[in-house]
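Below is one structure; the comments refer to it alone.
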Amino acid sequence: MSNLLVVPFLLPMVVGAVLIFFAKHHRLQRIIAGLTGIALFVFSIYLTYRVYQSPEQMIHLEVGDWRAPFGIVLVGDMLSILMVLMASFVGLVCLFYGFKTIHIERERYYFYSFFFFLLTGVNGAFLTGDLFNLFVFFEVTLISSYVLISHGGKKFQLRESFKYVVMNMVASAFFLVAVAYLYAITGTLNMADLGDRVAMLDQQGIINVIAIIFLFVFGAKGALFPLYYWLPKSYYGPPAVITALFGALLTKVGLYSLIRTFTLIFNQNPAFTHTIILVLAGATMIFGVLGALSKFDIKSIIIYQIISQVGFMIMGLGVFSADAIAGSIYYITHDMVVKVALFFIAGIIIQLTGTADIRKMGGLLKKYPLLGWSFFIAAMSLVGIPPLSGFFGKFSLIVSSVGEGQYVIVGVALVVSLLNLFSMLRIFMNVFWGEETDITFALSNEQVNGLLRTVIPLIAVTIALGLGAEPAFQYVSAAADQLMNPTHYIDVILP
Amino acid sequence: MEILIALLIGVLFSVATYLLLTKSLLRIVLGTVLLSHGAHLLILTMGGLGQGAAPLLGQEAGSYTDPLPQALILTAIVISFGMTALLLVLTYRTYKAHQTDDLDQLRGRLDE
């Protein structure tokens, strides 16, 4: 029992509401927002430490003192607390990048408020232990994302965000349908209780149906293979900082929910459900990278790389062994950092050159070496070159898949990695190598380095995650062991 | 009673699907509204349309209705209400900006 678990979503909610009153004072807004971001990050480090040190490696809170299956319960286990930590880190970095790049008009129209409401939803979704509460936090996240994605109201943005909103509303309706079915057969919505009761039910058919509806819902939000079509265009509209935030957090909420439900609740029939996930993982990788290869627009390429990486992130869930899931968790952590770094750099490049078309650029490395090498490191980490973090994620995923005899997905993953390398190097060669083109640069070297100050911490984290893969893997392996032994989770919540 | 409501839910879902697949912006909005109505009714029905007494008020009755689905629906209705309001505004702005509500013309390209 610990009240601390409320803070990661209560703090941003309160601050978001307070910031509405200071909407027209952008300097004051920045100060409040920056301090909150730092406080949130520091607090989530402390919370992670607390969870890691606690005897069950899990803390939970029965909200309002209602006993577990009846009231809403918040659970901070190793996976969710790691996600909260990464979300607040990514949020903090995005905030500081936003200070420098977000147009003042956006700041005056509640950018920071909705930024914090988004964090509220994301952190809440990570921490909740109740399925309906998860739905509510999903909606909190989504409604803030609807506002942020159409923020600014350009023609292109409006058109694409309409599609994004409709897609997500349909998925949310199906979330309710799945919740209703699950409630009908089990009579509970507490995740621990669900895990307990679904295991005792002798109705595999209906459980499979519900599992597939959940796969559809979370797949639509996490951008899995046939359901990712809304992502490339709608993410293209908003400024780089919002796209980075979405790419790092929104799809991860969907993936986290997939991992949570398919390890805790729908773990009875992996031969059926998890094989489907594995097939989708492979298809997502392939189609994502093919999309990236078909584009010449730097932002589009990185957006398609989101989709391609989603495939790797759920590959571990599809293989369904402790090592594979550990690989998945590590990969999600790594991807949050690297994706944000890449979007920031892409944003800087677009701001610098005034174009997003990589064919029109060239020779930036000579003038802006720091920018070039930051991009290079982030890109290599995304592709998975040792000793950067992407390598260890892919390595553990592939080793564990071979161990489970899933050779097809290993082949797909390796080919896709090669294509990833090709697509990232294509950006590097077009933009940074070659002859300088007649583009006039809008920013001086100092300004670029100033913007890069927010990218450097991300680069440092990806290097640190790679060099410190040993302790990092100790943590994610413990988290994956927790996930693979749902009885432990159930026993802690329902003593 | 449950069968009747189930049929109603089926009708709502099929009409919603039809509307979602049309090309007019406003019809799509109506489609999402009907879809969420169907989902809300489904929650109510799935809890069982019980005929017992109100829960918590007394302890004499032989059976009680399940209060949880109603609490869930209430939350879900409020959420879908807010979402619909936002979607309507977005639809209106999209229509204003593009001067069309035909999705075929809103297909669009990246480079513009």
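The values are calculated or read from the model by the stated rules, or taken from the named source; none is laboratory data. In this text, all values refer to a predicted model and were calculated from it rather than measured experimentally. Every residue, glycine among them, receives a Cβ derived from its backbone with ideal geometry; neighbour counts consider all protein chains shown. Please note that ligands, DNA and RNA were not included when accessible areas were found on the heavy atoms of the full protein model with its side chains. Shrake-Rupley method; radii C 1.70, N 1.55, O 1.52, S 1.80 Å.
General remarks:
- Filtered residues of the range A:260-291 (kept if touching a Pro at 6+ places or on another chain (Cβ under 7 Å) and assigned to a helix (DSSP H, G or I)): A:T263, A:L264, A:G291
- Filter result for A:A220 (more than 12 Å from chain B (Cβ to nearest Cβ), crowded, with 24+ Cβ neighbours inside 10 Å and farther than 26 Å from A:V51 by Cβ): no
- Residues within the range A:347-362 that are closer than 16 Å to A:G450 by Cα and either under 26 Å from the mean Cα position of the chain (by Cα) or among the charged types (D, E, K, R) (or both), tallied: 5
- Residues that are among the aliphatic types (A, V, I, L, M), under 15 Å from the mean Cα position of the chain (by Cα) and more than 9 Å from chain B (Cβ to nearest Cβ), drawn from the range A:128-145: none
- Selection status of A:K339, touching a helix residue (DSSP H, G or I) at 6+ places or on another chain (Cβ under 9 Å) and open to solvent by 10 Å² or more (accessible area, probe 1.4 Å): no
- Criterion violated by A:G311 - all others in (1) more than 14 Å from chain B (Cβ to nearest Cβ); (2) in contact (Cβ under 8 Å) with a residue 24 or more places away in the chain; (3) open to solvent by 10 Å² or more (accessible area, probe 1.4 Å) satisfied: (3)
- Residue among A:G153, A:G187, A:G205 that alone is facing chain B (nearest Cβ under 7 Å), surrounded by fewer than 20 Cβ atoms within 10 Å (Cβ to Cβ) and out of contact with any Gly (no Cβ under 7 Å at 6 or more places or on another chain): A:G153
- Among the residues making up the range A:1-17, those that are open to solvent by less than 70 Å² (accessible area, probe 1.4 Å) and in contact with a helix residue (DSSP H, G or I) (Cβ under 7 Å, 6 or more places away or on another chain) are A:L4, A:L5, A:V7, A:P8, A:F9, A:L11, A:P12, A:V15, A:G16.
- Selected residue [more than 13 Å from chain B (Cβ to nearest Cβ) and open to solvent by 10 Å² or more (accessible area, probe 1.4 Å)] from A:L118, A:L95, A:L85: A:L85
- All positions within the range A:346-375 that are out of contact with any Phe, Trp or Tyr (no Cβ under 6 Å at 6 or more places or on another chain) and either among the polar types (S, T, N, Q) or open to solvent by 30 Å² or more (accessible area, probe 1.4 Å) (or both): A:I350, A:Q351, A:T353, A:G354, A:T355, A:K360, A:K366, A:K367, A:P369, A:L370, A:W373, A:S374
- Number of the condition not met by A:K163 [criteria: (1) free of Cβ contacts under 8 Å to residues at least 60 places away in the same chain; (2) within 14 Å of chain B (Cβ to nearest Cβ); (3) not small (G, A, S)]: (1)
- Condition met for A:V461 (open to solvent by 10 Å² or more (accessible area, probe 1.4 Å), within 28 Å of A:M285 (Cα to Cα), among the β-branched types (V, I, T) and assigned to a helix (DSSP H, G or I)): yes
- Pair list, Cβ < 8 Å and 6+ apart or interchain, from the range A:46-70 residues that are modelled with pLDDT under 90 to residues that are open to solvent by 60 Å² or more (accessible area, probe 1.4 Å) and not in a helix (DSSP H, G or I): A:V63/A:I72; A:G64/A:I72; A:W66/A:I72
- Verdict on B:G38 being facing chain A (nearest Cβ under 9 Å), buried (at least 16 other Cβ atoms within 10 Å of the Cβ) and within 28 Å of B:V89 (Cβ to Cβ): yes
- Among the residues making up the range A:437-453, those that are open to solvent by less than 100 Å² (accessible area, probe 1.4 Å) and assigned to a loop (DSSP other than H, G, I, E, B) are A:T437, A:I439, A:F441, A:A442, A:L443, A:S444.
- Screening the range B:72-92 for residues that are among the aliphatic types (A, V, I, L, M), under 19 Å from B:G38 (Cα atoms) and more than 7 Å from every other protein chain (Cβ to nearest Cβ) and picking the one that is least open to solvent (accessible area, probe 1.4 Å) gives B:I73.
- Count - residues of the range A:478-493 that are open to solvent by 40 Å² or more (accessible area, probe 1.4 Å) and not charged (D, E, K, R): 4
- Scanning the range A:156-172 for residues that are open to solvent by 10 Å² or more (accessible area, probe 1.4 Å) and aromatic (F, W, Y) turns up just one, A:F156.
- Hey, B:Y95 more than 8 Å from chain A (Cβ to nearest Cβ), surrounded by 13 or more Cβ atoms within 10 Å (Cβ to Cβ) and touching a residue at least 40 places away in the same chain (Cβ under 8 Å) or not: yes
- Qualifying residue in the range B:41-49 (condition: surrounded by fewer than 15 Cβ atoms within 10 Å (Cβ to Cβ) and more than 10 Å from chain A (Cβ to nearest Cβ)): yes
- Per the listing A:V416, A:V410, A:V383, A:V399, the residue uniquely over 22 Å from A:L467 (Cα atoms) and either crowded, with 21+ Cβ neighbours inside 10 Å or out of contact with any Ser or Thr (no Cβ under 9 Å at 6 or more places or on another chain) (or both) is A:V416.
- Here A:S294 fits the description: without any contact (Cβ under 8 Å) to a residue 24 or more places away in the chain and either open to solvent by 10 Å² or more (accessible area, probe 1.4 Å) or of a type in the set (A, V, I, L, M) (or both).
- The requirement of being open to solvent by 10 Å² or more (accessible area, probe 1.4 Å) and in a helix (DSSP H, G or I) is satisfied by A:F392.
- Residues satisfying the stated conditions in the range B:51-70, i.e. of a type in the set (G, A, S) and surrounded by 12 or more Cβ atoms within 10 Å (Cβ to Cβ): B:G52, B:A53, B:A61
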